[in-house]
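The values are calculated or read from the model by the stated rules, or taken from the named source; none is laboratory data. Worth saying up front: this structure is predicted, and the values here are computed from it rather than measured. A quick note on method: Cβ atoms are made from the backbone with ideal geometry, for glycine too, and the neighbour counts reach across all protein chains shown. The area values use the complete protein model at the heavy-atom level, side chains included, leaving out ligands, DNA and RNA. Shrake-Rupley method; radii C 1.70, N 1.55, O 1.52, S 1.80 Å.
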Amino acid sequence: MFVLSIEAPQVAESVRAGQFVNLGWTPGPLLRRPFSVYRTGGDRIEVILKAVGAGTAQLLAMAPGDMLSCLGPLGHGFDLPSGPQTVVLVSGGLGVAPMPLAARDARAAGMHVTWVHGARTADELCTEAEGDEVIWATDDGSQGFAGTAVAAVPDSDLVLACGPNRMLAAVASRWPEAQVAVETYMGCGTGVCLGCAVPLERGGYDRSCKEGPVYRAADIEWSMLPVHLAYALTA
């Protein structure tokens, strides 16, 4: 995983945990690429990415001073209601992306923060973490809890999750009221192209880029979402 730092003062000032930016650059792919905002500092934001194709390779080849188009902050982020005293952040793989801001906002609200991060092996775990407590989980047991991140979650008043849709479906079955940031394909990022449709339990669809990407877990019809996307997304 790599972290890209971008000078984007208007985004840095107003972004909330779970929101994302849509990045475009020249020469680059025809469509912008969505990335959850990872951290903020001063006039800068950070996004986290993995080299999975030509587009991310071009981003990683950029040098200080190179220009790109940053559209955001976009989408509906996590809601941190007054009342809960404890919150667990559950992330898998690149689902780590919105969690530093979620930890920041939860602490500002006076909550005790536990971060549970899972991966297949210790080599795939992130190296940074936020929270009053941190729990690592690996499928092969090479670090921390042996099993999935969902299985490692302790009792809590509130659960926020981001990761592969298979993981989020498991979160929904255990905590229907959890807030989850879903993985979908995106085109415009502004609600126009309808390429990021999310099937709803009550019927019909929402636009992940506009009404999401954060949803109440029980509101999504998980059986209709792809278990795995052809390329990895962070929002």
*Using 0.36 nm per residue, how much length does the chain from residue 67 to residue 112 gain when fully extended, once their Cα-Cα distance is taken away?*
12.3 nm
*What figure in square angstrom, to the nearest 10, would you give for the accessible area of residue 44 with a 1.4 Å probe?*
100
*asked:* What's the magnitude of the charge dipole for the chain around its Cα centre, counting Lys and Arg as +1 and Asp and Glu as -1 at the beta-carbon? Answer in Debye, nearest 20.
replied: 520
*Add -39500 (n - 2.57) for each DSSP H run of 4 or more in the chain, then divide by its residues: what number comes out at 222 nm, to the nearest 500 deg cm²/dmol?*
-4000 deg cm²/dmol
*Binning at 10 Å from 0, report for the stretch 64-118 what percent of all alpha-carbon pair distances ends up in each bin.*
21, 41, 26, 11, 1
*What list of ³J(HN,Hα) couplings, whole Hz, do you get for the stretch 32-45 from phi and the Karplus terms 6.51, -1.76, 1.60, once you set θ to phi - 60° and write x for glycine and proline?*
5, 10, x, 9, 5, 6, 8, 9, 10, x, x, 8, 10, 10
*Just going by the charge dipole of the chain, with Lys and Arg at +1 and Asp and Glu at -1 on Cβ, which of 148, 109, 161 is farthest out on the positive end?*
161
*How far is helix 99-108 tilted, in degrees, relative to the longest principal axis of the Cα atoms in the chain, given as a value from 0 to 90 rounded to the nearest 10?*
60
*For the chain, calculate the relative contact order in percent as a whole number, restricting contacts to Cα pairs under 8 Å that are 6 or more residues apart.*
19
*What dipole magnitude, in Debye to the nearest 20, does the stretch 119-235 give about its Cα centre under +1 on Lys/Arg Cβ and -1 on Asp/Glu Cβ?*
540
*Antiparallel bridge percentage (DSSP; both residues within the stretch 118-235; nearest 5)*: 50
*Taking Rh as the Kirkwood radius computed over C-alpha pairs, what is the Stokes-Einstein D of the chain at 37 °C in a medium of viscosity 0.692 mPa s, expressed in µm² per second?*
185
_Accessible surface of the chain [probe 1.4 Å, protein heavy atoms]: carbon and sulfur percent_ = 52
_Under 5 Å between amide hydrogens, which residues at least 5 positions from residue 111 or on another chain qualify, with H placed 1.01 Å from N in the peptide plane?_
none
_Taking 0.36 nm per residue of sequence separation and subtracting the Cα-Cα distance, how much length would be gained by fully extending the chain between residue 134 and residue 26, in nm to one decimal?_
34.9 nm
*asked:* Could you give the length gained by full extension between residue 85 and residue 54, i.e. 0.36 nm per residue of separation minus their alpha carbon distance, to one decimal place?
replied: 6.8 nm
*DSSP-defined antiparallel bridges as percent of all bridges, the chain, nearest 5*: 50
_Once R0 is set to 25 Å, what does the formula 1/(1 + (r/R0)^6) return for the Cβ-Cβ distance between residue 145 and residue 104, expressed as a FRET efficiency to the nearest 0.05?_
0.55
